[in-house]
Every structure is written in C-alpha cells, then in structure tokens.
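The block underneath contains the structure these notes are about, expressed in structure tokens.
The values are calculated or read from the model by the stated rules, or taken from the named source; none is laboratory data. No experiment lies behind these values; they were computed from the predicted model shown. Every residue, glycine as well, gets a Cβ built from its backbone with ideal geometry; the counts of neighbours run over all protein chains shown.
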Amino acid sequence: MVELPVRLYWSGSREFDLADQHQAADLCEAVLDTAATVADLGAYLNPDVLIRAWPVLGLNRRKREAWEERFPALRRQRLAAAA
C-alpha cells in the first residue's frame, strides 16, 4: 500500500494497493501527471510497478514518447504487451 500526499492526489482515497494492477496504474498516472519535482517521482514511482503498468497508462503521446526515450524498458514493455 502507498498513500500519496494531497499535493499529488486530492480526489477520493489516496491509498493505492500496488498488488492491484488497476490501482498501481492509477498511482503511476497520478504521479506522472502531478509530480512537480524529481524527488516526488523518485519517492512515489517504483520502477518495476511503472514498467508493469506502462502499457495501460492513459498518457498523451508526447509524454509517453518522452518517457520512453529516456527509459527504453518502458517502450519494450509497451511493444511486448501489444504483440
């Protein structure tokens, strides 16, 4: 379980069960959309959880491409899930 601070998630329950794929994806989307600092990204994004959830995240194309350019494992995961 991870609880996000109000500055990152202010609507509904701020607790996310990372064992649940949908909740893990919701947490990742919230952090990617609202984090204002690298510290927030590091504190609330687990690399393994992000990679697992990556194919189902509802990110805009520009943001997805930027992340995939910096972290090629994300692109590989998306392509593998689409195959």
If only one of A43, A39, A66 is under 14 Å from the mean Cα position of the chain (by Cα), exposed (fewer than 13 other Cβ atoms within 10 Å of the Cβ) and either more than 24 Å from D20 (Cβ to Cβ) or at pLDDT 95 or above (or both), which one is it? A66
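For E29, state whether it is in contact with a Gly (Cβ under 7 Å, 6 or more places away or on another chain), in a helix (DSSP H, G or I) and surrounded by 16 or more Cβ atoms within 10 Å (Cβ to Cβ).
Against the criterion (in contact with a Gly (Cβ under 7 Å, 6 or more places away or on another chain), in a helix (DSSP H, G or I) and surrounded by 16 or more Cβ atoms within 10 Å (Cβ to Cβ)), E29 qualifies.
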Would you check if D48 is out of contact with any helix residue (DSSP H, G or I) (no Cβ under 7 Å at 6 or more places or on another chain), buried (at least 16 other Cβ atoms within 10 Å of the Cβ), without any contact (Cβ under 8 Å) to a residue 60 or more places away in the chain and in a helix (DSSP H, G or I)? no
Options R14, R64, R70, R78; residue that is out of contact with any Ser or Thr (no Cβ under 6 Å at 6 or more places or on another chain), basic (K, R), touching a residue at least 24 places away in the same chain (Cβ under 8 Å) and at negative phi: R78
Subset of segment 1-22 that is of a type in the set (A, V, I, L, M, F, W, C) and loosely packed, with under 11 Cβ neighbours inside 10 Å - its residue that is farthest from W54 (Cα to Cα): V6
